[in-house]
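Below: one structure, written as structure tokens.
The values are calculated or read from the model by the stated rules, or taken from the named source; none is laboratory data. Please read all numbers here as calculations on a predicted model, not as lab measurements. For neighbour counting, all protein chains shown are included, and Cβ atoms are generated from backbone atoms with ideal geometry for every residue, glycine included. All accessible areas refer to the heavy atoms of the entire protein, side chains included, with ligands and DNA or RNA removed. Shrake-Rupley method; radii C 1.70, N 1.55, O 1.52, S 1.80 Å.
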Amino acid sequence: MTDAAILVKNVSKKFGDTLVLRDINLEVPRGQVSCLIGPSGSGKSTLLRCMAFLEQATSGTITIEGEPLGFVEGPNGRRLQTAAELRQTRSKIGMVFQQFNLWPHMTALGNVSASLRRVRKLSKAEAEDRAMAQLEKVGLKERAGFYPSQLSGGQQQRVAIARALALDPTIMLFDEPTSALDPELTGEVLNVMRALADEGMTMVVVTHEIGFAASVGNKICFLDHGKLLFHDTPEKVFAAPREPRLEQFLDTYLDRGAIMLR
Amino acid sequence: MSWKLFELLLQASLMTIFVSFISILAGLVIAIVLSAMRMSGNRWLYAGTGMFISFFRGVPLLVQLLLIFNLLPLIGITLPSLATAIIGLSLCTAAYQAENLRGGFEGVPIGLIESAEMAGFSRTQSFFWIRTPIALRMTFPALVNEAILILKASSLVSVVGLVELTKMAQNLSASTYQPLPIFASAGLIYLVINWGVAVVGRRVENALPGLPAK
Ligand SMILES: Nc1ncnc2c1ncn2[C@@H]1O[C@H](COP(=O)(O)OP(=O)(O)OP(=O)(O)O)[C@@H](O)[C@H]1O
Ligand SMILES: [Mg+2]
């Protein structure tokens, strides 16, 4: 039994004929924060989505806490997990999207309590109690009755984090959680994520917030053209002399907090 | 034209409202079921719903009603004309509503469905708790529109023997020889009902939360 929360082994992904991920190998240890950085189109989202089986890798395997994700090993090779099996494996994973993806017809409380009621089958009262506690954690107890359209982007994203936490996942995946936000709203979301990291949540964060990655990430993974060029501690990755590709990439982010790394 | 005649028309309009209202609701439920079947991924169900929708959209309502009215007794089912009328109208509006809903379901952003998937919802749960409410919300104006069309189309159900507003107007005009004021009154009543539906519809629409962003 490995101590990896997520183990990515020889994962490649093709969309049609385009190879988007090339033989990725990556281990995300329990309780650690891995930040995925890289230029646009390098495959960060695709890799993250593979870790949630929202995308199926063309080859290779992904293991979530020792269990193969999306597949079951049998005597005659592997087969796809049934929908119920997949839900079971996925229940360890919470996911936060760039576009928040809150359900517009439900209040903040409704969004967070929905899975507790429909999936966990808790009573309305109990589900809402728990959901309220999650909302409090992200500082939005007062906004419980608001619909997504009545919330700012930062608030919506915090509700989305509370929703992803509702079923007590052990792993949280974030796909550019602050990219759709006005700059002055990124702080509140990053703070919630920082607190989550401090609690020891295993996290994989696709981000362009290099400052956040450098300060919160235990590991920085740099993707370029579908290849994982390297993954290492921020100290090592960001220390000069840097890889030329990373250097070039960081140059484009100097105005976004990476200045501290100069 | 006497007040008494107008009162009879008003009474008959209650039947129009009742039949239309029940048919719209029943049609909505059937339309949701049709949508579920169409999106189930089963090609037989897909083909079946396609045929159902083509038939009920392609054949005039009057012909449908006469078919149902004459077909059911042949297979040993005799229903009161009220039931026959509601069945005919419901099936017809269901086909149209299913087509309206299709646009709604296709407009549900994929991210909302993926977040339901990640929250542990099964396909069925996601369909009922996420996709359907959002699709309904997005197509609500079309639903109001359909309600108005059905209120007007309900004038056809007199062919199965139901006395609603139009049939009552016909009867009264035949017995009183005052077709003009009577049909003018009937028209006015339809107008007022549909105006009411439109106003309430807009109110409800503005009060409903839940349009996806963008
Ligand atoms: N569903 C898809 N079908 C076809 N090609 C896709 C699909 N999804 C992504 N791609 C392609 O795969 C490549 C990697 O995309 P991905 O979204 O993973 O990049 P990214 O690193 O997340 O970029 P960004 O920083 O812009 O979000 C891109 O070239 C993209 O066009
Ligand atoms: Mg991306």
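If you go through region A:97-122 and keep only what is at the interface with chain B (Cβ under 9 Å from one of its Cβ atoms) and of a type in the set (A, V, I, L, M, F, W, C), you end up with A:PHE97, A:PHE100, A:LEU102, A:TRP103, A:MET106, A:ALA114, A:VAL119. Within region B:184-202, residues that are open to solvent by less than 20 Å² (accessible area, probe 1.4 Å) have Cβ atoms under 9 Å from residues that are of a type outside the set (Asp, Glu) and outside any helix (DSSP H, G or I) in these pairs: B:SER185/B:MET1, counting only partners at least 6 apart in sequence or on another chain.
Reported count of residues in region A:30-46, each being touching a strand residue (DSSP E or B) at 6+ places or on another chain (Cβ under 9 Å) and either without any contact (Cβ under 8 Å) to a residue 60 or more places away in the chain or within 13 Å of ligand 2 (Cβ to nearest atom) (or both), is 10. When restricted to residues that are more than 16 Å from ligand 2 (Cβ to nearest atom) and in contact with a strand residue (DSSP E or B) (Cβ under 9 Å, 6 or more places away or on another chain), region A:161-188 contains 11.
Does region B:147-164 contain any residue that is on the phi > 0 side of the Ramachandran plot and modelled with pLDDT under 95?
Taking region B:147-164 and keeping what is on the phi > 0 side of the Ramachandran plot, we get B:161.
Now drop any that are not modelled with pLDDT under 95, which leaves B:161.
Within region B:147-164 (the criterion being on the phi > 0 side of the Ramachandran plot and modelled with pLDDT under 95), the answer is yes, since at least one residue qualifies.
In region A:47-61, what residues are within 16 Å of ligand 2 (Cβ to nearest atom) and within 14 Å of another protein chain (Cβ to nearest Cβ)? Correct list: A:LEU48, A:ARG49, A:CYS50, A:MET51, A:ALA52, A:LEU54, A:GLU55. Return yes when A:ARG49 is surrounded by fewer than 16 Cβ atoms within 10 Å (Cβ to Cβ) and either within 29 Å of A:PHE212 (Cα to Cα) or of a type in the set (Lys, Arg) (or both) and no when it is not. It is false that A:ARG49 is surrounded by fewer than 16 Cβ atoms within 10 Å (Cβ to Cβ) and either within 29 Å of A:PHE212 (Cα to Cα) or of a type in the set (Lys, Arg) (or both).
Residues in region A:52-61 that are more than 14 Å from ligand 1 (Cβ to nearest atom) and open to solvent by less than 40 Å² (accessible area, probe 1.4 Å): A:PHE53, A:GLY60.
Would you call B:THR124 open to solvent by 40 Å² or more (accessible area, probe 1.4 Å), β-branched (Val, Ile, Thr) and over 19 Å from A:ARG163 (Cα atoms)?
yes
Restricted to region B:129-214, the set of helices (runs of 4 or more DSSP H) holding at least 3 residues that are more than 14 Å from chain A (Cβ to nearest Cβ), under 16 Å from the mean Cα position of the chain (by Cα) and aliphatic (A, V, I, L, M) comprises B:140-153, B:179-207.
What pairs come up if the first residue lies in region A:175-193 and is within 14 Å of chain B (Cβ to nearest Cβ), the second is aliphatic (A, V, I, L, M) and away from ligand 1 (no atom under 16 Å from the Cβ), and their beta carbons are under 6 Å apart, counting only those six or more places apart or on different chains? Note: pairs meeting the criteria are A:PRO177/A:VAL189. For region A:88-95, the criterion of being within 16 Å of ligand 1 (Cβ to nearest atom), within 11 Å of chain B (Cβ to nearest Cβ) and crowded, with 20+ Cβ neighbours inside 10 Å is satisfied by at least one residue. In region A:162-246, counting only strands (runs of 3 or more DSSP E) that sit wholly within it, the ones holding 1 or more residues that are open to solvent by 40 Å² or more (accessible area, probe 1.4 Å) span A:219-224, A:227-232. Within region A:62-76, identify whether any single residue is within 11 Å of another protein chain (Cβ to nearest Cβ) and surrounded by fewer than 24 Cβ atoms within 10 Å (Cβ to Cβ), and answer yes or no. No; the residues of region A:62-76 include none that is within 11 Å of another protein chain (Cβ to nearest Cβ) and surrounded by fewer than 24 Cβ atoms within 10 Å (Cβ to Cβ).
Going through (1) open to solvent by 10 Å² or more (accessible area, probe 1.4 Å); (2) touching a residue at least 12 places away in the same chain (Cβ under 8 Å) one by one, A:GLU126 falls short only on (2). Scanning region A:28-46 for residues that are under 24 Å from A:SER215 (Cβ atoms) and buried (at least 21 other Cβ atoms within 10 Å of the Cβ) yields A:VAL28, A:VAL33, A:SER34, A:CYS35, A:LEU36, A:ILE37, A:GLY38, A:SER42, A:LYS44.
Restricting attention to region A:144-161, the residues that are within 14 Å of chain B (Cβ to nearest Cβ) and either open to solvent by 60 Å² or more (accessible area, probe 1.4 Å) or assigned to a helix (DSSP H, G or I) (or both) add up to 12. Just one of the listed residues (A:LEU165, A:LEU80) is closer than 29 Å to A:LEU7 by Cβ, touching a residue at least 40 places away in the same chain (Cβ under 8 Å) and more than 8 Å from chain B (Cβ to nearest Cβ), namely A:LEU165.
For every residue, the table says whether it meets (1) open to solvent by 30 Å² or more (accessible area, probe 1.4 Å); (2) at pLDDT 95 or above; (3) within 16 Å of ligand 2 (Cβ to nearest atom).
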position: A:THR2; (1), (2), (3): yes, no, no
position: A:VAL11; (1), (2), (3): no, yes, no
position: A:ASP17; (1), (2), (3): yes, no, no
position: A:ASP23; (1), (2), (3): yes, yes, no
